[in-house]
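Working notes for the structure below.
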Amino acid sequence: MKFNPNEIVTIDFETYFDTKYSLRSKAHNTSSYIMDDLFQVHCCAIKIGTKVSRCYWGEEAVREALNAIDWSAHDLLAHNAFFDGAIATWRFGIKPRRRFCTVQMTRGLHSDMSRAGLDAICNFYGIPGKIEGLNDVKGLRTDAIPADKKKSLMTYCKNDNDKCFAIFMKQAPVYSEAEMELIDLTLSMFCNPVFLLDTARAEQSLNYELNERLKFIAVSGQDEQTLLSTPKFVAALKELGVAAPTKISKYNGKMSYALAETDPEFIELQEHEDIRVVRLVQGRLAAKSTMMETRAWRMLQAFATCKALPVMLHYYGAKTGRWSGGNKMNFQNLPNSTSDAPMAGELRKSIIAPDGHVIFAPDSSQIEARVLAWVAGHTELLDKFIAQDKRSLLPKDQRTGGDVYEFMASLIYNIPIEEVDYERRFIGKISTLGLGYSMGAKRFRTTLALGLMGPAVQMEFSECYRIVNTYRKVNAKIVEFWDTCNKVLRDMAQGKSGSFGPNGILQYEGTSIWLPNGMGLHYPGLHEVFDREYRSVGFKYISNGVAKHIYGGLLCENIVQALAGVVIREQMIEIRHLYAKQRLRKGERAVIATMTHDEIVSVVPERLASKLLIANLNIMRTPPKWAPDLPIWAAADGGSAVNYSV
């Protein structure tokens, strides 16, 4: 990225905290902590350009120093810009030109360090690390901090600030303009929130969530005390043949069990092939959840304190580049209402646009299935997607031939497409979307039984086995790509380099695979694993200090998710530029308010909604320049609405 260091303002706030009032407290997330009555800024280090950081003591001195800066010509940089950036905007009214964050940048460059603190990142780059001084003021209000501790805290604050800038100077030159803009967009969703809340509807959803908690505990197979006790829960997992995942604690550096809702390795167990394991994990999450930890409660809390809903999404929250939810209320997986669970979508519907505005959320239709077919060279399937897209433009009474899901169902059940009913089409859909990454019959059966991709379906193992084999026979090109991915893993483990995919779009070197946007999939420490008979049983690599298993099908999934993500990322930037060109009236906003893995959610003035929705669809139906033959499509069947019901 091209940038002028002298237009970067690096800031770091030190604020009041105590035993109960802190970011680690279950009662608080980032937004509630900042807007709480107890909140108080002790000091703020400010570094303008390459000048030495200066630390200002007390809120009035901080306010004066921040207001003296021309923010229309300067960018704000912080190590955790969700925290420091929100304080600057919410508490001091600062509106910078752009926001940058070295935590988010580290996630993008080094996914294996996604949970690393400032000290670990400094050590990685050979920058002298942190100094101590923060815990000395725990529980002390600003005017009660003695002179020696005040001096220590200000030195600590300046040191952190200088380290943040030093890290930025290492990282920014290798970042693309596009990815830096995505970081700014991500931070803007939180620091400049636009969503409001229908509190009555959210309160109804809260009651629903509390009832769901009891349901998950009941079907877990264990009592609540076992689910709450870490030793008993670990033992229960062991009885099912599963070793509890572990992690290195960022607080004390020791190995501990990774059993929190924020631990990816634990969350992955919700996709385990054994339904008993999945229900046990869901029971643990439910048992650990109090009213304060429900998403509805968090949204009610946020709206009460912030008068809006700050959306925190972690840029590169997953190694594939996907965003992940933050602020203890995940906007990434808000469910829709279904016939079986009509209340499930109430929380989503409680999210509303400001007066005079509407929400629309066009989604990229079957984006992963399309990318998978494209990267695997499955031209027959690609042709069917193209035909399906053309039919979708016709009046409903003129659409014939069926869609991709119906085609798959017709092969599974050996019937004409015209005879595929709703239930069989659903199985065709789950097969198309779920079996592309070498999922076996046992896990397929669990996926159906738990309703992880739609209504729950009970199916005999033999039938699941038959469907899996049918899928693999029909989609031989995809199965071949799993083998290609396995070969790439072996090459990488042996230190080789090369390229694969259409026109060699994917390049690998060392333990990294490079994507068309310049970002990478990284597998540090990758090595092949063998059994006692010296037969290969897959590969392992290190992520955040923990060994993780990978194989051809899983690498295929990583690649497809990453490429689909590149498509969505480019669309988000183009849509943001579209909104920047609009002539808005006073008080109007046209912004991307949040996103999911295949959906871009915008809030726009109602008077411009029709025009901007059409423009969104045109952008999201245009193939990327690096894959002109990738047939992508987008739909917005719900149009626009005053709430997030679309």
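The values are calculated or read from the model by the stated rules, or taken from the named source; none is laboratory data. Keep in mind it's a predicted model, so treat the numbers as computed, not measured. Positions of Cβ are backbone-derived with ideal geometry, glycine not excepted, and every protein chain shown enters the neighbour counts. Just the protein is used for accessible areas: all its heavy atoms, side chains included, with ligands, DNA and RNA removed. Shrake-Rupley method; radii C 1.70, N 1.55, O 1.52, S 1.80 Å.
Modelled with pLDDT under 95 and among the β-branched types (V, I, T): which single residue out of V529, V567, V537, V474 fits that description?
V537
Would you mind stating whether S645 is more than 23 Å from the chain's Cα centre (by Cα) and more than 16 Å from I386 (Cα to Cα)?
no
Select from the stretch 518-540 the residues that are in a loop (DSSP other than H, G, I, E, B) and aliphatic (A, V, I, L, M) and write down the one among them that is farthest from the chain's Cα centre (by Cα). So that I can check it myself, show each step before the final result.
Just the residues of the stretch 518-540 that are in a loop (DSSP other than H, G, I, E, B), to begin with: 518-519, 523-526, 531-535.
With aliphatic (A, V, I, L, M) added as a condition, the list becomes 519, 526.
Working: M519: 16, L526: 24 Å.
Restricting to residues being in a loop (DSSP other than H, G, I, E, B) and aliphatic (A, V, I, L, M), the top hit is L526.
Looking at this structure, is G126 open to solvent by less than 20 Å² (accessible area, probe 1.4 Å), on the phi > 0 side of the Ramachandran plot and at pLDDT below 95?
No; evaluated as a whole, the condition is false for this residue.
Quick one: what pairs do we get from the stretch 317-344, first residue more than 20 Å from D598 (Cα to Cα), second open to solvent by 60 Å² or more (accessible area, probe 1.4 Å) and modelled with pLDDT of 90 or more, C-beta under 8 Å, 6+ apart or different chains?
M343/Q204
Confirm whether C157 is crowded, with 17+ Cβ neighbours inside 10 Å and within 26 Å of the chain's Cα centre (by Cα). Give the derivation first.
On the way: crowded, with 17+ Cβ neighbours inside 10 Å: yes; within 26 Å of the chain's Cα centre (by Cα): no.
Answer is no for this residue.
Residue under question is L563, and the condition is that it be crowded, with 16+ Cβ neighbours inside 10 Å and not acidic (D, E); does it hold?
Criteria met by L563.
Regarding the stretch 381-388, can at least one residue be identified that is assigned to a helix (DSSP H, G or I), over 20 Å from the mean Cα position of the chain (by Cα) and of a type in the set (K, R)?
yes
Given the conditions (1) in a helix (DSSP H, G or I); (2) out of contact with any Leu (no Cβ under 7 Å at 6 or more places or on another chain); (3) open to solvent by less than 30 Å² (accessible area, probe 1.4 Å), and given that E268 satisfies all but one, which numbered condition is not satisfied?
Result: E268 fails condition (3) only.
Are any residues in the stretch 458-478 open to solvent by less than 40 Å² (accessible area, probe 1.4 Å) and without any contact (Cβ under 8 Å) to a residue 40 or more places away in the chain, and if so, which ones?
M459, C464, V468
Of everything in the stretch 511-541 that's out of contact with any helix residue (DSSP H, G or I) (no Cβ under 7 Å at 6 or more places or on another chain) and of a type in the set (D, E), which residue is most open to solvent (accessible area, probe 1.4 Å)?
The qualifying residue most open to solvent (accessible area, probe 1.4 Å) is E533.
Going by the conditions given, is Q225 more than 22 Å from I550 (Cα to Cα) and buried (at least 19 other Cβ atoms within 10 Å of the Cβ)?
For Q225, the condition - more than 22 Å from I550 (Cα to Cα) and buried (at least 19 other Cβ atoms within 10 Å of the Cβ) - is not met.
Only one of these conditions is not met by G377: (1) open to solvent by 10 Å² or more (accessible area, probe 1.4 Å); (2) at negative phi; (3) not in a helix (DSSP H, G or I). Which number is it?
(2) is the only condition that G377 fails.
Any residue in the stretch 1-22 that is over 23 Å from M35 (Cβ atoms) and of a type in the set (F, W, Y) sitting within a Cβ distance under 9 Å of a residue that is in a helix (DSSP H, G or I) and open to solvent by 20 Å² or more (accessible area, probe 1.4 Å)? List the pairs, counting only those 6 or more apart or interchain.
Within 9 Å, the pairs are F3/P173.
Pairs needed: first member in the stretch 514-540, more than 11 Å from L489 (Cα to Cα); second member anywhere, among the hydroxyl-bearing types (S, T, Y) and not in a strand (DSSP E or B); C-beta distance under 6 Å; at least 6 residues apart or different chains.
From residues that are more than 11 Å from L489 (Cα to Cα), the pairs are G518/S176; H522/S111; P524/T511.
Checking the conditions here, which among S31, S72 is assigned to a helix (DSSP H, G or I), buried (at least 21 other Cβ atoms within 10 Å of the Cβ) and of a type in the set (S, T, N, Q)?
From the options S31, S72, the qualifying one is S31.
Assuming L237 fulfils every condition listed in (1) in a helix (DSSP H, G or I); (2) surrounded by 12 or more Cβ atoms within 10 Å (Cβ to Cβ); (3) out of contact with any helix residue (DSSP H, G or I) (no Cβ under 8 Å at 6 or more places or on another chain) apart from one, which condition is it?
If we test L237 against (1) in a helix (DSSP H, G or I); (2) surrounded by 12 or more Cβ atoms within 10 Å (Cβ to Cβ); (3) out of contact with any helix residue (DSSP H, G or I) (no Cβ under 8 Å at 6 or more places or on another chain), just (3) comes out false.
Could you please let me know if S152 is without any contact (Cβ under 8 Å) to a residue 40 or more places away in the chain, open to solvent by 30 Å² or more (accessible area, probe 1.4 Å) and either touching a Gly at 6+ places or on another chain (Cβ under 7 Å) or closer than 26 Å to K130 by Cα (or both)?
Against the criterion (without any contact (Cβ under 8 Å) to a residue 40 or more places away in the chain, open to solvent by 30 Å² or more (accessible area, probe 1.4 Å) and either touching a Gly at 6+ places or on another chain (Cβ under 7 Å) or closer than 26 Å to K130 by Cα (or both)), S152 qualifies.
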